[in-house]
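Student: Mind having a look at this structure? Questions to follow.
We did not get these values from a lab; they are worked out from the coordinates using the rules stated. Computed from a prediction, not measured in an experiment: that's the story for all the values here. Cβ placement follows ideal geometry from the backbone for every residue including glycine, while neighbour counts extend to all protein chains displayed.
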Amino acid sequence: MVHQTLLIITIPAVIIHIAEEYKYDWVLWANEFISGVSVKQFIIINILFVLLCTMAALLNDSAILFSSSIFSLLLINSLVHIAPTIKQKKYSPGLFSAIFLFIPIGIIGYNNLLQNASISFGDFAWSIMIGMFWMSVPFFYQIIRVT
């Protein structure tokens, strides 16, 4: 039940995160690293992010590996905001929602799944890899776009 609730809570958390990124111009910030990141790309990636989280909430335990990978995606997304902030000593748009929403949801989600034996350690590892894949998609798109 906690797993399902957290997956449902993930959807508004992601929307809050996107709103923070938009309000503080994540696109402008991202263009400091790689030129040509557009608002259109930002919108498409974030629509996919919301749809992915919605699918995970709908599928829940029937696709536990898929749904639990959302917790990994949230945690990795947090690192993508925290690391540049520390390195540059400059705010990364989305940082606050990543720290105060994504990290707690990700940790509580995985903790609950592991404590209740809802996933094995092997599934936990696969879940993390799937989350890494989800997070890599926009990065690979940018690499392909500029080459």
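Student: With unit charges on the beta carbons (Lys and Arg positive, Asp and Glu negative) and the dipole taken about the Cα centre of segment 1-99, which residue among Trp26, Phe42, Asn60 sits farthest to the positive side?
Tutor: Value computed over the given set: Trp26.
Student: So what is the calculated 222 nm ellipticity per residue for the chain, using -39500 (n - 2.57) for each DSSP H run with n of 4 or more, over all residues, to the nearest 500 deg cm²/dmol?
Tutor: -26000 deg cm²/dmol
Student: Continuing with the same structure: Please work out how much length the chain gains when fully extended from Phe96 to Asp123, using 0.36 nm per residue of separation minus the C-alpha to C-alpha distance, in nm with one decimal.
Tutor: Between Phe96 and Asp123, full extension yields 6.8 nm more.
Student: So which helices of the chain fit the span-like rule, where a helix is a whole DSSP H run, its Cα atoms reach 20 Å or more along the axis, and its mean Kyte-Doolittle is at least -0.5?
Tutor: Flagged H segments are 2-23, 39-59, 64-88, 121-146.
Student: Tell me the label-point distance for the pair Val39, Ile16, using the 7 Å Cα-to-Cβ offset, in nm and rounded to one decimal.
Tutor: 2.6 nm
Student: Related question: Using the Kirkwood radius over C-alpha pairs as Rh, can you work out the diffusion coefficient of the chain via Stokes-Einstein at 25 °C, viscosity 0.890 mPa s, in µm² per second?
Tutor: This corresponds to a translational diffusion coefficient of 157 µm²/s.
Student: Related question: Which whole-number percent is the relative contact order of segment 41-147 (Cα, under 8 Å, 6+ apart)? Could the numbers behind the result be given before it?
Tutor: Values: 87 pairs, mean separation 34.5, N = 107.
In percent, rounded to a whole number, it is 32.
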